[in-house]
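Asks: Take this structure, written in structure tokens, and hold onto it; I'll ask about it next.
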Amino acid sequence: MAIDVKLPGLGEGIESGDVLELLVKEGDTVRAEQGLMELETDKATVTLPSPAAGKVIKILVSPGDSIPIGQ
């Protein structure tokens with residue numbers, strides 16, 4: 001079963017994050033809580049963790065993309 005990874009709320013007043021670096025690539029096997037990408041907000045740099053263990057099938061963002069919360 002595929003799981004879509006969406007950007008969770010990152011704090012009050014933060015509406016998006018900019019992708020700094022992808023920490024995985026398509027085809028990689030990941031464990032739960034493993035970092036998937038680094039994001040920069042106007043307040044901090046954060047690592048987005050994997051919500052579950054599995055295999056990365058498709059990556060829909062690239063470094064430099066701005067991702068709104070929930071996407």
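Asks: How about region 34-50: which of its residues are within 16 Å of residue 7 (Cβ to Cβ) and over 10 Å from the mean Cα position of the chain (by Cα)?
Replies: Within region 34-50, 40, 41, 42, 43, 44, 45 qualify.
Asks: Sticking with this structure for a sec: Mind listing whichever residues of region 19-70 are among the polar types (S, T, N, Q), crowded, with 16+ Cβ neighbours inside 10 Å and over 20 Å from residue 9 (Cα atoms)?
Replies: none
Asks: Right, another one. Mind checking which residues of region 1-18 are open to solvent by 70 Å² or more (accessible area, probe 1.4 Å) and β-branched (Val, Ile, Thr)?
Replies: 3
The values are calculated or read from the model by the stated rules, or taken from the named source; none is laboratory data. Just so it is clear, the structure is predicted and the values come from calculations on it, not from any experiment. Neighbour counts are summed over all protein chains in view; Cβ atoms, including those assigned to glycine, are modelled from backbone coordinates with ideal geometry. Only protein heavy atoms, including side chains, enter the accessible area calculation; ligands, DNA and RNA are left aside. Shrake-Rupley method; radii C 1.70, N 1.55, O 1.52, S 1.80 Å.
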